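Each value in this text was obtained by applying a stated rule to the coordinates, not by laboratory testing. These numbers were taken from a predicted model, which means no experiment stands behind them. All Cβ positions, glycine included, derive from the backbone under ideal geometry; neighbour counts span all protein chains shown.
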Amino acid sequence: MLATATAVPVAAASTCTTASQVFSTAGQLTTFTVPAGARYVDFVVRGAGGGAGSTVAGGQGANSSGRITLPTNATVAQRTFGIVVGQGGEVKTDGTTAAGGTGYGSGGNSTPGPRDNPGGPAGAGGGGSALLLGALSGTPLVVSGGGGGSAVRETVQGSTQQTTVYQAPDATTGFNYGTANAGSSAPNGRVGAVGSVNSTAPGLAVNPATAADGPVGGTRGGTAQYRVANGNWGPPTRVEGSNGQNFGLGSNGGGNGGNGAARLNNGGGSFAASAGGGGGGYAGGGGGGMVGSQFTGTTRLTISTGTGAAGSSYRAATALGTPISNYVLAPSGLLSGAARGHAGYVSLSWCV
């Protein structure tokens, strides 16, 4: 959706009039030319969020804002921008694959495959959003990464604690994950550790996916596991996610997020686990993995799963020969919807 520009007179002390344009159609490149005589362009670029699980929201996209100063008598080429808006990662509860959101670097899928008893949501990664100088082949000026998709673990009856191992700091749900450019909130994927039957101690967990770092895609989860060596757990079976893509290898020129691991057969009729897809962006976040093991006295696998990690964001050192000013990068602060992660968004405003 392309909002209509509106002119708004500024304070009497000012000598120009401001106007703005909002872009919200996901996945498509839109080209927009700022009117002649504009002095600057203020921008807000928000990456899309990952899809939610059953008890937690998807990872948030990043939100970037700042100002690009335009040259005096800027040419049409210098006033033309390419815009790509990220799409929220899908949420699926029917056992089918949840698709990653499109964007500047699309999100990774959550690929649980058919389920015996559908109902546990699968969360895909959100797409990145970008502001480019010129059309699609133009130079990226600002990219905001997408958030990682959620995950759903499979627990055994009698397990009394979903607790923390590796990088899973949320003791209530076992998940805290995939928020793009979160600073203190950490953008890596998170895992849901599973307690042993009638035990408050952690028994089983898969290692997390990692977030993209600049132009380098994040690494997949599921390459290792934590399992209590007390003789009560059977041999572990791991399924790995996929790595996030590097910058330039994914959709619209960004990096796609990695896919979440495909499902494990739990040996019973109530399977509901899924691993999250990584967020897209300048580079893509890794997809979550999963590990299953059978605890003594149970007839099916307990499965620990990991969420997707966040895509990376980017700011060019200069735009049209001048540093981007007033730049702020933060999480979006938005929650996932029932069908998708929160939408991406780009807005431009200028003064003529």
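Can you work out the FRET efficiency for the pair Asp94 and Thr15, with r the C-beta to C-beta distance and R0 = 41 Å, to the nearest 0.05?
0.10
Could you go through the range 312-318 in sequence order and give the Karplus-derived ³J(HN,Hα) for each residue, using 6.51 cos²θ - 1.76 cosθ + 1.60 with θ = phi - 60°, rounded to whole Hz, and x for Gly and Pro?
8, 10, 7, 9, 5, 4, 9
Whose amide H sits under 5 Å from the amide H of Gly258, counting only residues 5 or more places off or on another chain, with H placed in the peptide plane?
Hits under the 5 Å cutoff: Gly108, Gly244, Gln245, Gly278, Gly285, Gly286, Gly287.
Quick check on packing: order 139-152, 236-249 by the mean number of other C-beta atoms within 10 Å, highest mean leading. If you can, show how the numbers build up before the last one.
Working: 139-152: 36.8, 236-249: 23.4.
Highest-to-lowest ranking by the protection proxy: 139-152, 236-249.
Let's test the formula: R0 of 56 Å, r as the Cβ-Cβ distance of Ala317 and Asn230. What FRET efficiency results, to the nearest 0.05?
According to the calculation, E is roughly 0.55.
What are the ³J(HN,Hα) values, in whole Hz, obtained from phi via the Karplus relation 6.51 cos²θ - 1.76 cosθ + 1.60 with θ = phi - 60°, for each residue of the range 138-151 in sequence order, with x given for Gly and Pro?
Along the range 138-151, the couplings run x, 6, x, 9, 9, 10, 10, x, x, x, x, x, 6, 9 Hz.
Rank-order 340-352, 95-107 by packing density, defined as the average count of other C-beta atoms within 10 Å over each peptide's residues, highest first.
My ranking of the peptides, most packed first, is 95-107, 340-352.
Could you pull out every residue, at least 5 positions away or on a different chain, whose amide H is within less than 5 Å of the one on Arg263? Hs are placed 1.01 Å off N in the peptide plane, and Pro or chain starts have none.
Under 5 Å from the amide H of Arg263 lie the amide H atoms of Gly113, each far enough along the sequence or on another chain.
Please list, ordered by chain and number, the residues whose modelled amide H lies under 5 Å from the amide H of Ala98; skip anything fewer than 5 residues away on the same chain.
Ser110
Show me 211-219, 256-264 ranked by packing, highest mean number of other Cβ atoms within 10 Å first.
Numbers: 211-219: 25.0, 256-264: 32.9.
Final packing ranking: 256-264, 211-219.
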